[in-house]
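Trainee: Okay, here's the structure, questions in a sec.
The values are calculated or read from the model by the stated rules, or taken from the named source; none is laboratory data. Being a predicted model, the structure only gives us computed values, none of them experimental. In this analysis, Cβ positions are derived from the backbone assuming ideal geometry, glycine residues included, and neighbour counts consider all displayed protein chains.
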Amino acid sequence: MRGCGVVRADRTEKIRCALEGDGETGDFDHQAWLDSIWRQTPDGGCVALNAFLDYHARVSNPRVNPAIPEAGRPRWVSHFGGGRTVLREETIEEICRKILENFFWSSLVPLGCMETTAREDGQVWFRLSSAGKHLFGQTAELAYGQPVADAAIIIQPNFDVVFLQPNLSAEVELSPFAERAGKQVRMLFRLTRRKAILAASLGTTAEAMLAALQKHSSKPLPANVTEEIRSWFAACRSLAVRRSILIEASDRETALRVQRLLGPGCVVLKDTLLEWRATAIDAKTRAKLTEQGIFLDAETP
């Protein structure tokens, strides 16, 4: 029961941030509007989320919804940054769809009021859980438990990673090679070349990244995503880096003398340019060269 109380308080606050009634004629009843829509979720099976939102934004928006009395219909759109504008007929459907979609992902899904799944085309389908049915007055008793979800994560062809339910272990495992784009549910990550290359620099392989994605994805990874990830990693190269001292001799004969004195660690790069594979020339080596009449600059490390 406590969880449902949180939902009711949260949803009222979120809607007030978008729609306002006219104080002179009546206040907009946010709860009545929401209840009138989510109660229409089919009881016997799942429904496509996008189709549900499109339909109710059109036929159940508070300007035409019979559950909202004329005196209580919203007149204004308030803005999160402050200020408000008159609510117009040409914009109300778009505004209401965004409000309903945000409420679905930010409140109903995280609090276990929805059971979600995904079809082969990547579309999200849903139905009310037992907690959701209780919240909207369809059942008298609250049986609050872990919601059922056929699909936890969807990897979309546009490289978005969509979470249909909160999944902390998946978040932790995917975060090293995916850009954070949200919290809890909906689009949490986006697969990017930059993050994949960063992961490669830390030792991750393409196969390891693909395996982690497939482990948590409810569907096979899109072919274009798999191909692109492989190409990102294939473009990476590991280069050997070493510290050396370059020695410039005055002539070819001197270069060969220096090479013989320093031994195998000294190689000729070109006629008079030598590479000494060390980070410094110690005092003993320096003295050895001096005895043979070969003097190093004082600034030589």
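Trainee: Among residues belonging to the range 179-200 that are in contact with a helix residue (DSSP H, G or I) (Cβ under 7 Å, 6 or more places away or on another chain) and more than 13 Å from W232 (Cα to Cα), point out the one that is surrounded by the fewest Cβ atoms within 10 Å (Cβ to Cβ).
Mentor: Of everything passing the filter in the range 179-200, E179 is surrounded by the fewest Cβ atoms within 10 Å (Cβ to Cβ).
Trainee: Inspect the range 93-112 for any residue being in a strand (DSSP E or B) and either more than 24 Å from N158 (Cα to Cα) or at pLDDT 80 or above (or both) and give the result as yes or no.
Mentor: So the first thing to find is which residues in the range 93-112 are in a strand (DSSP E or B), and the list is none.
Among the residues of the range 93-112, not one is in a strand (DSSP E or B) and either more than 24 Å from N158 (Cα to Cα) or at pLDDT 80 or above (or both), which makes the answer no.
Trainee: Any residue in the range 203-226 that is in a helix (DSSP H, G or I) sitting within a Cβ distance under 6 Å of a residue that is modelled with pLDDT under 90 and acidic (D, E)? List the pairs, counting only those 6 or more apart or interchain.
Mentor: Final answer for the pair search is A212/E173.
Per-residue answers, yes or no, for (1) touching an Asp or Glu at 6+ places or on another chain (Cβ under 6 Å); (2) modelled with pLDDT of 90 or more; (3) outside the structural domain of R194 (by TED's automatic domain parsing); (4) not hydroxyl-bearing (S, T, Y):
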| position | (1), (2), (3), (4) |
| --- | --- |
| P264 | no, no, yes, yes |
| V267 | yes, yes, yes, yes |
| K270 | no, no, yes, yes |
| E275 | no, yes, yes, yes |
| A283 | no, no, yes, yes |
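Trainee: Select from the range 135-178 the residues that are at pLDDT 85 or above, part of a loop (DSSP other than H, G, I, E, B) and of a type in the set (S, T, N, Q) and write down the one among them that is farthest from V124 (Cα to Cα).
Mentor: Restricting to residues being at pLDDT 85 or above, part of a loop (DSSP other than H, G, I, E, B) and of a type in the set (S, T, N, Q), the top hit is N158.
Trainee: Which one of these does I153 not meet: (1) crowded, with 18+ Cβ neighbours inside 10 Å; (2) more than 30 Å from A131 (Cβ to Cβ)?
Mentor: Of the numbered conditions (1) crowded, with 18+ Cβ neighbours inside 10 Å; (2) more than 30 Å from A131 (Cβ to Cβ), the odd one out for I153 is (2).
Trainee: Now, a different point. So, in the range 72-92, exactly how many residues are at pLDDT below 75, of a type outside the set (F, W, Y) and outside any strand (DSSP E or B)?
Mentor: 5
Trainee: Do the conditions hold for G203, that is, is it loosely packed, with under 15 Cβ neighbours inside 10 Å, under 30 Å from L174 (Cα atoms) and not basic (K, R)? Before the answer, list the steps.
Mentor: On the way: loosely packed, with under 15 Cβ neighbours inside 10 Å: yes; under 30 Å from L174 (Cα atoms): yes; not basic (K, R): yes.
Judged against the criteria, G203 is a match.
Trainee: Can you find even one residue in the range 264-280 that is surrounded by 12 or more Cβ atoms within 10 Å (Cβ to Cβ), of a type in the set (S, T, N, Q) and part of a loop (DSSP other than H, G, I, E, B)?
Mentor: Looking through the range 264-280, at least one residue is surrounded by 12 or more Cβ atoms within 10 Å (Cβ to Cβ), of a type in the set (S, T, N, Q) and part of a loop (DSSP other than H, G, I, E, B).
Trainee: Any chance the range 236-251 includes a residue that's in contact with a strand residue (DSSP E or B) (Cβ under 6 Å, 6 or more places away or on another chain) and either more than 30 Å from D297 (Cβ to Cβ) or among the polar types (S, T, N, Q) (or both)?
Mentor: There is at least one residue in the range 236-251 that is in contact with a strand residue (DSSP E or B) (Cβ under 6 Å, 6 or more places away or on another chain) and either more than 30 Å from D297 (Cβ to Cβ) or among the polar types (S, T, N, Q) (or both).
Trainee: Sticking with this structure for a sec: Looking at (1) modelled with pLDDT of 75 or more; (2) within 25 Å of S231 (Cβ to Cβ), which is the only condition G122 fails?
Mentor: (1)
Trainee: Within the range 291-299, identify whether any single residue is of a type outside the set (S, T, N, Q), farther than 30 Å from I155 by Cβ and not in a loop (DSSP other than H, G, I, E, B), and answer yes or no.
Mentor: Yes.
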